[in-house]
Protein chains: 2
Amino acid sequence: MKEFDFIRRYLYRAQTDADVLLGIGDDAAVVRPRAGYDLCFSSDMLLKNRHFFENVAPADLAYKVLAVNISDMAAMGAAPRWALLSAGLPQLQESWLAEFCDSLFALARRFGVTLIGGDTTKGDLAFNVTIVGELPQGRALRRDAAQIGDDVWVSGRLGLAAAALHHHWQTFALPDSVFDLCERVRLRPEPRVALGQALLPFARAAQDISDGLAQDLGHILQASGVDAEIFAEEVPTLPQLRDNLDKTALYGCVLAGGDDYELVFTAPQSCRAAVLEAGRASGTPVTRIGRITEGCGRLNISDAAGRPVVLASLGFDHFE
Amino acid sequence: MKEFDFIRRYLYRAQTDADVLLGIGDDAAVVRPRAGYDLCFSSDMLLKNRHFFENVAPADLAYKVLAVNISDMAAMGAAPRWALLSAGLPQLQESWLAEFCDSLFALARRFGVTLIGGDTTKGDLAFNVTIVGELPQGRALRRDAAQIGDDVWVSGRLGLAAAALHHHWQTFALPDSVFDLCERVRLRPEPRVALGQALLPFARAAQDISDGLAQDLGHILQASGVDAEIFAEEVPTLPQLRDNLDKTALYGCVLAGGDDYELVFTAPQSCRAAVLEAGRASGTPVTRIGRITEGCGRLNISDAAGRPVVLASLGFDHFE
């Protein structure tokens with residue numbers, strides 16, 4: 001199968017987005033931006049043995065390649081619209097590609113994303129997705145907008161994906177039923193798009209947690225020039241992880257493990273009811289875990305007894 | 001050096017594009033599209049030993065990674081505006097990165113491109129650029145717009161990059177002075193942005209030649225549902241290649257070699273003077289090489305004696 005046969009067979013799918021004037025198959029796609037909206041752009045590159053195991057199921061791989069990008073749109077409060085997929089593939093193996101593409105398009109459809117372009121090339125398994133989202137003009141949940149006195153919130157539960165990864169690495173072993181729950185989150189994180197959009201009117205800073213709560217919240221603090229105080233025991237996780245892991249392992253997963261793709265965000269205290277309502281309306285649990293304080297970028301974490309929690313690592317470093 | 005130090009040191013550069021509301025460093029960049037314009041999107045992935053040699057100079061590599069994307073904008077008649085760069089890097093080596101980034105930003109500046117985002121990760125040397133360009137609403141040089149009777153034109157000279165590559169592969173040997181001229185084109189192809197924009201009012205179909213004239217013109221023919229007749233001896237190339245190569249090697253480079261990133265385009269015969277003027281105004285040589293005829297996607301090439309030219313390969317296949 002040649003490249004162009006492949007593209008034709010798997011990637012040209014009927015698309016119904018009237019703002020896409022020219023889709024896959026030319027030198028470039030052409031879209032018409034809607035009046036009154038800004039556009040958000042984000043790219044993520046995923047490489048074999050770095051971001052996924054070589055033996056990952058093609059459907060899980062496709063899901064994750066796109067989901068992590070959709071998550072960046074959620075973190076801005078944007079609606080994802082269009083995506084470009086570049087793929088390095090060792091060969092064009094039809095059943096693998098069919099599963100990959102079916103999963104990719106299923107997720108795209110669920111989030112209203114149209115695939116408008118990309119590139120394919122022979123090479124080691126490697127992916128890049130660029131995603132484009134829409135935001136009402138002048139609105140965006142930025143990293144640099146946290147203010148002293150804001151509450152700090154997270155969506156969902158943290159530490160599950162990291163716990164699954166540690167189980168793979170045999171740092172520790174989880175009971176099968178717990179591993180299954182965690183592995184599901186690691187393979188199929190749920191982008192919090194509806195929550196991000198519901199928060200847009202009143203949340204201040206936001207970011208998705210891909211590299212660990214401590215590190216990703218740290219970016220908000222540094223960009224905003226503030227400190228935060230968070231309470232380790234308030235950070236929501238899977239109860240079975242609390243039961244099965246010692247405190248060091250638990251905090252490592254919950255506070256410094258990445259890959260859950262939940263949101264961490266800040267909002268004024270006066271908006272607590274609105275945040276809870278945004279969570280309800282979007283079907284996403286939200287939990288208040290601390291507050292923004294005066295400072296210059298430090299994150300202070302305390303345990304149930306009020307003692308400082310010191311983490312061995314703040315989170316994933318892309319070059320370590 | 002950690003990832004975020006790297007990003008801060010090399011990629012956060014003062015940018016002056018007032019339409020970029022939020023640049024590198026958040027979950028996503030935010031731009032404000034201008035009223036009256038459509039946006040074009042294109043992505044290209046470049047992998048080690050597939051698209052570039054491992055020992056390539058970082059400045060040449062950076063140039064090419066961005067230039068091939070800018071070339072896609074040229075082929076649409078668009079003005080390149082914003083780019084996202086994803087890079088897999090085996091390590092963060094400062095002098096290498098400094099040279100890479102200086103070259104990248106120099107080219108970006110020359111074409112008015114602002115780097116607004118991307119991703120960096122440890123891995124085998126791999127790059128993806130997504131580029132975004134602007135087009136006056138409803139205009140674009142598409143592949144499917146060629147009409148019977150149109151002239152077929154190319155910009156610049158073809159076959160130089162392929163000849164340099166064959167010299168590297170030792171398929172044949174070029175004299176040093178000829179190799180130098182060809183290698184320069186292979187490493188630093190000139191995106192034909194000014195020409196593409198100048199052609200916008202009257203050219204019909206266009207595409208950049210990355211995989212070889214025969215294959216890339218073939219895409220126009222298939223998309224437009226027409227044939228073309230071109231004259232091998234009319235296709236401009238470096239005179240020294242005509243002198244140094246036998247016909248098979250010469251035609252292989254000129255007609256089926258890729259990587260020159262010149263434009264092939266069609267325009268009505270009534271616009272010949274306008275095309276020549278667009279070439280002059282943009283400082284780009286343009287040459288008429290044939291015409292569009294009735295048919296269903298076939299390219300017919302004839303030599304000086306009017307005999308059909310049969311190519312061993314139509315051009316680069318990304319999966320061969």
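Keeping to segment B:178-200, report how many residues are open to solvent by 30 Å² or more (accessible area, probe 1.4 Å) and in contact (Cβ under 8 Å) with a residue 40 or more places away in the chain. So the count comes out to 9. When segment A:82-114 is filtered for residues that are in contact (Cβ under 8 Å) with a residue 40 or more places away in the chain, open to solvent by less than 30 Å² (accessible area, probe 1.4 Å) and within 14 Å of another protein chain (Cβ to nearest Cβ), the ones remaining, listed by number, are A:Trp82, A:Ala83, A:Leu84, A:Leu85, A:Ser86, A:Ala87, A:Leu97, A:Val113, A:Thr114. Consider B:Val56 carefully, then state whether it is over 16 Å from A:Thr130 (Cβ atoms) and either part of a strand (DSSP E or B) or within 21 Å of the chain's Cα centre (by Cα) (or both). Here the answer is yes, as B:Val56 does meet what is asked. Is it true that B:Ala126 is open to solvent by 10 Å² or more (accessible area, probe 1.4 Å) and either within 7 Å of another protein chain (Cβ to nearest Cβ) or among the aliphatic types (A, V, I, L, M) (or both)? So B:Ala126 fails the test. Among the residues of segment B:19-53, those identified as at pLDDT below 95, among the charged types (D, E, K, R) and within 25 Å of the chain's Cα centre (by Cα) are B:Asp44, B:Lys48, B:Arg50.
Which of (1) open to solvent by less than 30 Å² (accessible area, probe 1.4 Å); (2) in contact (Cβ under 8 Å) with a residue 12 or more places away in the chain does A:Ala57 not meet, given it meets every other one? All conditions pass for A:Ala57, except number (1). Taken together, the residues in segment A:140-165 that are open to solvent by 50 Å² or more (accessible area, probe 1.4 Å), away from chain B (no Cβ under 14 Å) and touching a Gly at 6+ places or on another chain (Cβ under 9 Å) amount to 1.
Listed by first and then second residue, the pairs with beta-carbon distance under 6 Å, at least 6 apart or on different chains, first residue in segment A:142-154 and in the same structural domain as A:Ile230 (by TED's automatic domain parsing), second open to solvent by 30 Å² or more (accessible area, probe 1.4 Å) and hydroxyl-bearing (Ser, Thr, Tyr), are A:Val154/A:Thr287. Within segment A:72-81, the set of residues being within 8 Å of chain B (Cβ to nearest Cβ) and either assigned to a loop (DSSP other than H, G, I, E, B) or open to solvent by less than 10 Å² (accessible area, probe 1.4 Å) (or both) comprises A:Met73, A:Ala75, A:Met76, A:Ala78. Of all residues in segment A:32-46, those being under 20 Å from B:Ala126 (Cβ atoms) and either among the small types (Gly, Ala, Ser) or more than 7 Å from chain B (Cβ to nearest Cβ) (or both) number 3. Using the structure shown, decide if A:Tyr63 is part of a helix (DSSP H, G or I), among the hydroxyl-bearing types (Ser, Thr, Tyr) and modelled with pLDDT of 90 or more. So A:Tyr63 passes the test. Can you spot a residue in segment B:266-277 that is of a type in the set (Gly, Ala, Ser), outside any helix (DSSP H, G or I) and either outside the structural domain of B:Val254 (by TED's automatic domain parsing) or in contact with a Gly (Cβ under 9 Å, 6 or more places away or on another chain) (or both)? The answer is no, given that none of the residues of segment B:266-277 is of a type in the set (Gly, Ala, Ser), outside any helix (DSSP H, G or I) and either outside the structural domain of B:Val254 (by TED's automatic domain parsing) or in contact with a Gly (Cβ under 9 Å, 6 or more places away or on another chain) (or both). Within segment B:43-102, being farther than 17 Å from B:Arg188 by Cα and either in the same structural domain as B:Ile220 (by TED's automatic domain parsing) or among the aromatic types (Phe, Trp, Tyr) (or both) holds for B:Trp82, B:Trp96. Would you confirm whether or not segment B:282-289 contains a residue that is open to solvent by 20 Å² or more (accessible area, probe 1.4 Å) and within 14 Å of another protein chain (Cβ to nearest Cβ)? Taking every residue of segment B:282-289 in turn, none turns out to be open to solvent by 20 Å² or more (accessible area, probe 1.4 Å) and within 14 Å of another protein chain (Cβ to nearest Cβ). Please determine whether any residue of segment A:55-66 is at the interface with chain B (Cβ under 10 Å from one of its Cβ atoms) and not hydrophobic (A, V, I, L, M, F, W, C). For segment A:55-66, residues at the interface with chain B (Cβ under 10 Å from one of its Cβ atoms) and not hydrophobic (A, V, I, L, M, F, W, C): absent. Consider segment B:26-50 and keep the residues that are part of a loop (DSSP other than H, G, I, E, B) and free of Cβ contacts under 8 Å to residues at least 12 places away in the same chain. The one that is least open to solvent (accessible area, probe 1.4 Å) is B:Asp27. When segment B:213-252 is filtered for residues that are part of a loop (DSSP other than H, G, I, E, B) and touching a strand residue (DSSP E or B) at 6+ places or on another chain (Cβ under 8 Å), the ones remaining, listed by number, are B:Val226, B:Val235, B:Pro236. Would you say B:Asn69 is open to solvent by 30 Å² or more (accessible area, probe 1.4 Å) and within 11 Å of another protein chain (Cβ to nearest Cβ)? So B:Asn69 does not fit the description; no.
Annotation: B:Phe172 fulfils all but one of (1) in contact with a helix residue (DSSP H, G or I) (Cβ under 6 Å, 6 or more places away or on another chain); (2) crowded, with 20+ Cβ neighbours inside 10 Å; (3) more than 21 Å from B:Pro80 (Cβ to Cβ); the unmet one is (2). Just a yes or no: is a residue in segment A:6-21 more than 12 Å from chain B (Cβ to nearest Cβ), of a type in the set (Asp, Glu) and closer than 28 Å to B:Leu22 by Cα? Checking segment A:6-21: at least one residue is more than 12 Å from chain B (Cβ to nearest Cβ), of a type in the set (Asp, Glu) and closer than 28 Å to B:Leu22 by Cα.
The values are calculated or read from the model by the stated rules, or taken from the named source; none is laboratory data. What you see is a predicted model, and the numbers here were worked out from it, not measured in a lab. Reconstructed Cβ throughout: ideal geometry from the backbone, glycine too, with neighbour counts over all protein chains shown. Protein only, heavy atoms only, side chains kept; ligands, DNA and RNA dropped before computing areas. Shrake-Rupley method; radii C 1.70, N 1.55, O 1.52, S 1.80 Å.
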